[in-house]
Amino acid sequence: MSHLESIEAAALAAGAAAGDFAASSAAARARLLRALADALEAGRESLVPLADRETGLGLPRLGGELDRTAFQLRGFAAQLERGAAHRVEDDPAVAGAPPAGRPRLTRVRVPLGPVAMFAASNFPFAFSVLGGDTASALAAGCPVVVKAHPAHPMLSRRTAELAQRVALQQAWPEGVFQFVEGASIETGVRLVQAPGIAAVAFTGSFRGGMALADVAARRPRPIPFFGELGSTNPLIVLPALLARDAEGPAATLAQSICQGSGQFCTSPGVIVVPVGSEGDVFVSALAKALCAQSPHRMLTEGIRGAFDRGVSAWAESPSVHALLAPPHRDAAVPGPFLGEVAANDFVADGSLHEEVFGPGALVVRVGSHNQAIEVLQAIGGSLTVTLWGVEVEGEAARALVRAASRIAGRVLFAGVPTGVAVTGAQQHGGPFPASTQPWSTSVGYAAMDRFLRPVALQDAPAWVLARQGVPC
Ligand code: NAP
């Protein structure tokens, strides 16, 4: 079988398993998710060092990420056990003529079908083979076809073998979990085009995501594309915060910018600071704290190259003043970068609104709350916005919270945006380009809702209703 034929075969196998998997009980799928979590933890001793060899992210971070991934799988299992996948809304029949009179309507949810899942490079466990997209799709009752990320091929294979072993032990059809690889654009394109695929989940670059979204939209029958494409995560430092402390928050922020060498979709890339002496103190404390950080090597040469090009473009922009020297391209590890730009120049230059993935950020100096709002409006879509210093209610504070909520999936009033808790209230998405589907989340238990489609059952017979939302 050729490589491309094997992709089609994986999608076909997933399609063949989709009906029975959709009709499986929530309890059975919860058992699958719990067994996957157990197997992942049992493989820790070999998986974590392998992940470190392939990504350089370090044993402590990767061990923690494995814990998060197992926690996430068990969290979705618990959601299933609470009935989250099979929620039913029932409107009894009302006698009489419409609009008041009506038949009995029972709204249930059915799984979309096989999900093509593009593993991310930057979270080899939590956003990869058994990460949140896979866990939420399986929880919903959708088979998955995972496209491995070429930045950690061995780990992807080992994790996939583990998943297939668990599925086999529990006697699930093999189509429930399928795995494809091949570091080529054609692999992803063929997967998205495969007739059996019903939805796509993607985390990665703007360019890759847009290309694949286009493929999904051009199919004879277009399918939903859940893409998380990139984010600048503006953080606004307000005078109220600066009046209290500059050094502590600057040190916290420097650490967040360099965490994982800046390879986080929630890394703060735009720091909005008031003009004036208090703002100056904060900016120099931030530059100093960044100098003290030591980022590690980046995930791939491609990602490193993109960071170097992004920082060069910033540094060469006539409106950007470099506060730290751009990193040497031939150094093994990237140095942190910080540039400064006036608000008007930032707003006017669309190229400065794009994500630069890595340990760098732009400080935007603003003269008023309104200018900070203009900066947010120029960015337009972000996974997060952080507001430091809006503890006291007032017109300006309300306007900032409103502007932040309009462009972000998550608004923080304390702390830093890196670190995304897995919980029911979490929202990891946001207006484009943060997400291609701004009402959806790719982290937290609501992620399962992406893969469930409502169906209204009208005057359904008793045996259908007795299934209590479990699809036939
Ligand atoms: P990527 O280049 O977007 O790759 C992600 C996946 O999409 C890979 O499986 C890749 O396939 C596939 N792909 C990329 N372009 C494609 C295209 N035109 N057609 C079909 N498939 C395509 O992401 P990456 O390798 O992880 O990192 C590159 C950049 O992505 C980073 O510099 C950063 O800007 C961004 N990124 C963002 C996030 C985020 O959370 N938003 C996370 C990671 C990376 P192959 O590699 O197998 O060809």
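The values are calculated or read from the model by the stated rules, or taken from the named source; none is laboratory data. Because the structure is a prediction, the values reported are computed rather than measured. Cβ sites come from the backbone with ideal geometry, for glycine too, and all protein chains shown count toward neighbours. The accessibility values were calculated without ligands, DNA or RNA, using every heavy atom of the protein model including side chains. Shrake-Rupley method; radii C 1.70, N 1.55, O 1.52, S 1.80 Å.
Per-structure values
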| item | result |
| --- | --- |
| Selection count where residues are polar (S, T, N, Q) and touching an Asp or Glu at 6+ places or on another chain (Cβ under 8 Å), scope region 258-298 | 0 |
| Neighbours by Cβ (under 6 Å, 6+ apart or cross-chain): first from region 178-189, more than 13 Å from PRO150 (Cβ to Cβ); second near the ligand (Cβ under 8 Å from one of its atoms) and in a helix (DSSP H, G or I) | VAL189/VAL215 |
| Flag for ARG34 being within 24 Å of the chain's Cα centre (by Cα) and surrounded by 16 or more Cβ atoms within 10 Å (Cβ to Cβ) | yes |
| Among the candidates GLY113, GLY83, GLY96, residue that is assigned to a loop (DSSP other than H, G, I, E, B) and touching a Cys at 6+ places or on another chain (Cβ under 7 Å) | GLY113 |
| Condition check for VAL270: touching a strand residue (DSSP E or B) at 6+ places or on another chain (Cβ under 6 Å) and open to solvent by less than 20 Å² (accessible area, probe 1.4 Å) | yes |
| Unmet requirement for ALA70, which otherwise passes all of (1) open to solvent by 10 Å² or more (accessible area, probe 1.4 Å); (2) closer than 29 Å to PRO153 by Cβ; (3) touching an Asp or Glu at 6+ places or on another chain (Cβ under 7 Å) | (1) |
| Close pairs (6 angstrom Cβ cut-off, 6 or more residues apart or separate chains): in contact (Cβ under 8 Å) with a residue 12 or more places away in the chain in region 356-374, of a type in the set (Ser, Thr, Tyr) anywhere | PRO359/SER261 |
| Some residue of region 264-280 being away from the ligand (no atom under 14 Å from the Cβ), out of contact with any Ser or Thr (no Cβ under 6 Å at 6 or more places or on another chain), over 30 Å from ALA240 (Cβ atoms) and free of Cβ contacts under 8 Å to residues at least 40 places away in the same chain | no |
| Residue match in region 55-72 (condition: over 18 Å from the mean Cα position of the chain (by Cα), away from the ligand (no atom under 16 Å from the Cβ) and part of a loop (DSSP other than H, G, I, E, B)) | yes |
| Search result, residues across region 297-347 that are open to solvent by less than 50 Å² (accessible area, probe 1.4 Å), in contact (Cβ under 8 Å) with a residue 12 or more places away in the chain and assigned to a loop (DSSP other than H, G, I, E, B) | MET298, LEU299, THR300, SER317, SER319, VAL320, LEU324, PRO327, PRO334, GLY335, PRO336 |
| Count - residues of region 348-403 that are open to solvent by 60 Å² or more (accessible area, probe 1.4 Å) and within 16 Å of the ligand (Cβ to nearest atom) | 3 |
| Enumeration of residues in region 173-193 that are among the acidic types (Asp, Glu) and either more than 16 Å from the ligand (Cβ to nearest atom) or not assigned by TED's automatic domain parsing to the domain that holds ALA14 (or both) | GLU174 |
| Any hit, region 152-172, residues being surrounded by 22 or more Cβ atoms within 10 Å (Cβ to Cβ), part of a loop (DSSP other than H, G, I, E, B) and within 12 Å of the ligand (Cβ to nearest atom) | yes |
| Some residue of region 236-250 being open to solvent by 10 Å² or more (accessible area, probe 1.4 Å) and within 14 Å of the ligand (Cβ to nearest atom) | no |
| Single residue of region 104-121 satisfying the filter (open to solvent by less than 10 Å² (accessible area, probe 1.4 Å) and under 20 Å from the mean Cα position of the chain (by Cα)) that is farthest from the ligand (Cβ to nearest atom) | PRO114 |
| Qualifying position, being under 23 Å from GLY113 (Cα atoms), open to solvent by 20 Å² or more (accessible area, probe 1.4 Å) and not assigned by TED's automatic domain parsing to the domain that holds PHE264, among ALA14, ALA26, ALA9 | ALA9 |
| Flag for LEU286 being crowded, with 20+ Cβ neighbours inside 10 Å, part of a helix (DSSP H, G or I) and over 26 Å from the mean Cα position of the chain (by Cα) | yes |
| Residue within region 208-223 that is within 11 Å of the ligand (Cβ to nearest atom), touching a residue at least 24 places away in the same chain (Cβ under 8 Å), over 25 Å from ARG304 (Cα atoms) and open to solvent by 20 Å² or more (accessible area, probe 1.4 Å) present | yes |
| Meets criteria (assigned by TED's automatic domain parsing to the domain that holds GLU54, in contact with a His (Cβ under 7 Å, 6 or more places away or on another chain) and either open to solvent by less than 10 Å² (accessible area, probe 1.4 Å) or among the aliphatic types (A, V, I, L, M) (or both)) for PRO124 | yes |
| PRO60 being under 24 Å from CYS265 (Cα atoms), assigned by TED's automatic domain parsing to the domain that holds ILE185 and open to solvent by 50 Å² or more (accessible area, probe 1.4 Å) | yes |
